[in-house]
Every structure is written in structure tokens, then in C-alpha cells.
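Asks: Before I ask anything, let me first share the structure, which is written out below as C-alpha cells.
The values are calculated or read from the model by the stated rules, or taken from the named source; none is laboratory data. These figures come from a predicted structure and were not determined experimentally. Using ideal geometry, Cβ is built from the backbone for each residue, glycine included, and neighbour counts are taken over all protein chains shown. For accessibility, only protein heavy atoms count, side chains too; no ligands or nucleic acids. Shrake-Rupley method; radii C 1.70, N 1.55, O 1.52, S 1.80 Å.
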Amino acid sequence: MFPSLTTTTLREADGPLVLLGPSLGTGGERLWAPVVPLLGERARIVVWDLPGHGNSPTAQRGFTVADLADAVAEIAAAIDAPYAVHAGVSLGGATGLELGLRHAGTFAALAVLCSGAALGTPSAWHERAALVREHGTAAVVAGSEQRWFAPGFVAAQPEAAGGLLEALPGVDAESYARCCEALADYDVSADLGRITDPVLAVAGADDQVAPPALADRIARDVRRGRSVTLPGVAHLAPTEDPAATAELLISLLEDPSGDPPPTLRPSEETR
């Protein structure tokens, strides 16, 4: 049985649905808040939270990334909209790839931000799960600051970065650990060729967790993929470059299978 996920509607509209997914350790509303005003009134905007993050209840059992995708697909099915686009960051992006594998056609397009077909190593994820179970999520704040933001961002944007980092100790430790274990078991590298939905893979040029090569591989291996690399961005594109992130989402809303906006330079375009 898939985990219970809570959604928050950030904007009501009669148009298409934009369903937004978070990164591990972040609440979806806070992560995506800088992007929402830039999307205008063209779409209904709903964000979902990981178990034990944001508004979602804590995890009562283990789950997989595929289970998250099943839960998100059920969320989308319950919302009346002419069509939907899913955009997720890191673990939320991995969920998007699982949506393409398990629920083809549910979304008109999938935006996979700062993510990959596999992330990290199983041993590293299990080590982090053990760390937070013993010491709580406060133990990963310093490491998250290094992973999440490009050099200089915290000093330049202390409020944006600080809000995310200050919220991290409030994430339920057991739920965070179970997310780590889901990522340890996650690897859809061999299955990308089965994804038929249009996929836009977005990478941060400074991302050490999901470097641009991972986005390029997604774009190359799915049937209808393209990739874009954002300069000056590490692992949380919606916070670090909301304008570029919004521009990409607008392009998907206007033409889910079209080319990226000309002002953004794709690192690779395929099919």
C-alpha cells in the first residue's frame, strides 16, 4: 500500500494542473514558493509533500519510489483538469520517472529537476538513514547546506536558504530515513526507454548530487526527452533560480512536447 501524501493548493484556476513534488528534507510549499507567482494565472498549482515532511503524515511503514508514484497518480486522478504536468525535484523528480513508467499518459509532460535514474549509492543512503534515526534530522543540516545550494547562494540569499535549512530539523526522522531507504533501492536506469511521456530533465551546473550528466542521460534514453542545464544552480532549482524554473514550466504548459524556450540553452536535446 502506498504512503499517505498531503497536498496543498497554491493557486486555483480552471486551466491545466501543475502538480509539484519536493526534494528530500524540504516541504513542497516552501521549496516551490518562489516559482508560483511567476507562473501567472494559467494553471491550477498543487504541491504534494513527502511522508513526514511539510503537511504529510509520518510514514508508518517502508515504501518505494514506485509507491510514491502510485500515490501521486491517485492525487492527479482526483483533480479535474484538462491536462496535467508533473514537476519534481530530486526525490520528487525520481517519482516523476516512476510516474512515466507506471502511469503513462496520466501527465502530459514530466519535468525532472535535479534528479536522475539513480541517485547516490545504496550504502550512502543507508548510512544517512542510520544517522537520522540516531541523531534526528538536525544532524544533516550542515551536509544539506553544502548539497542543496551553489557556492555563494546562502550568503546572497540568506532568507531563502535559511528558511529551508531551518525547517529541516522539523522533518520526522523516521520518515526521512524511510525516504533514504527508498532512494537506496531506486534505480530505473535500465527502464528509461519504456517512458513514452515527454520528459524535460533539468540540471544545475553546480549540482554534486545529480550532475548534468544524469539529466543528459535521461534525455537521451527516454523516448521523448530533452535536457537543460541551469548555470549557478546546485540541487534546488526552484529556490536557486525560480525565474528559469518558471519559464521551463510555462513552456511545458503551453506545449508539453515542444522545445525549451530560446532564452535557455539546453545541454542536450534528443528526439
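Asks: How large is ³J(HN,Hα), in whole Hz, for each residue of region 239-254 in order, when computed from phi with the Karplus curve 6.51 cos²θ - 1.76 cosθ + 1.60 and θ = phi - 60°, using x for Gly and Pro?
Replies: After applying 6.51 cos²θ - 1.76 cosθ + 1.60, I find 7, 6, 9, x, 5, 5, 4, 5, 4, 5, 5, 4, 4, 5, 5, 6 Hz.
Asks: For the ranges 50-63, 99-112, what's the packing order if you count other beta-carbon atoms within 10 Å of each residue, average per peptide, and put the highest first?
Replies: Result, highest mean first: 99-112, 50-63.
Asks: I'd like the Karplus ³J(HN,Hα) series for region 160-173: coefficients 6.51, -1.76, 1.60, θ = phi - 60°, whole numbers in Hz, and an x wherever there's a Gly or Pro.
Replies: Per-residue couplings from phi come out as 5, 5, x, x, 6, 5, 5, 7, 4, x, x, 6, 4, 5 Hz.
Asks: When the helix-only estimate is applied to the chain (DSSP H runs of n ≥ 4, each -39,500 (n - 2.57), divided by the residue count), what is the mean residue ellipticity at 222 nm, nearest 500 deg cm²/dmol?
Replies: -11000 deg cm²/dmol
Asks: Per residue, how much accessible area does the chain show when a 1.4 Å probe rolls over the protein heavy atoms, in square angstrom?
Replies: The answer is 39 Å² per residue.
Asks: A further question follows. Taking H placed 1.01 Å from N in the peptide plane, check which residues at least 5 places from HIS235 or on another chain put their amide H under 5 Å from its amide H.
Replies: The answer is PHE149, ALA150.
Asks: Of all accessible surface on region 158-235 at a 1.4 Å probe, what whole percent is carbon and sulfur?
Replies: After summing per-atom areas, the C and S share lands at 47 percent.
Asks: Antiparallel as a % of all DSSP beta bridges within the chain, to the nearest 5?
Replies: About 20 percent, rounded to the nearest 5.
Asks: Under a 5 Å amide H to amide H cut-off, with H placed in plane at 1.01 Å, what residues pair with TYR83 once short-range neighbours are removed?
Replies: Answer set, sorted by chain and number: LEU17.
Asks: Can you list residues from other chains, or at least 5 along the same chain, whose modelled amide H is less than 5 Å from the amide H of LEU230?
Replies: ALA203, GLY204, ALA205
Asks: Here is a follow-up. Once the whole set of protein chains is in place, how much accessible area is left on LEU165, using a 1.4 Å probe, in Å² to the nearest 10?
Replies: Spelled out: LEU165, probe radius 1.4 Å, area about 20 Å².
Asks: I would also like to ask the following. Quick one: how many Å² of ASP185 are accessible to a 1.4 Å probe, rounded to 10?
Replies: 120 Å²
Asks: Considering the values [x] 12.2; [y] 14.6; [z] 15.8, which represents mean projected area of the Cα convex hull in nm² as calculated for the structure under consideration?
Replies: Of the listed options [x] 12.2; [y] 14.6; [z] 15.8, [x] comes from this structure.
Asks: Could you run the Karplus curve 6.51 cos²θ - 1.76 cosθ + 1.60 with θ = phi - 60° over region 42-58 and give me ³J(HN,Hα) per residue in whole Hz, x for Gly and Pro?
Replies: Result, ordered by residue: 7, 8, 7, 10, 10, 10, 10, 10, 5, x, x, 10, x, 9, 7, x, 5 Hz.
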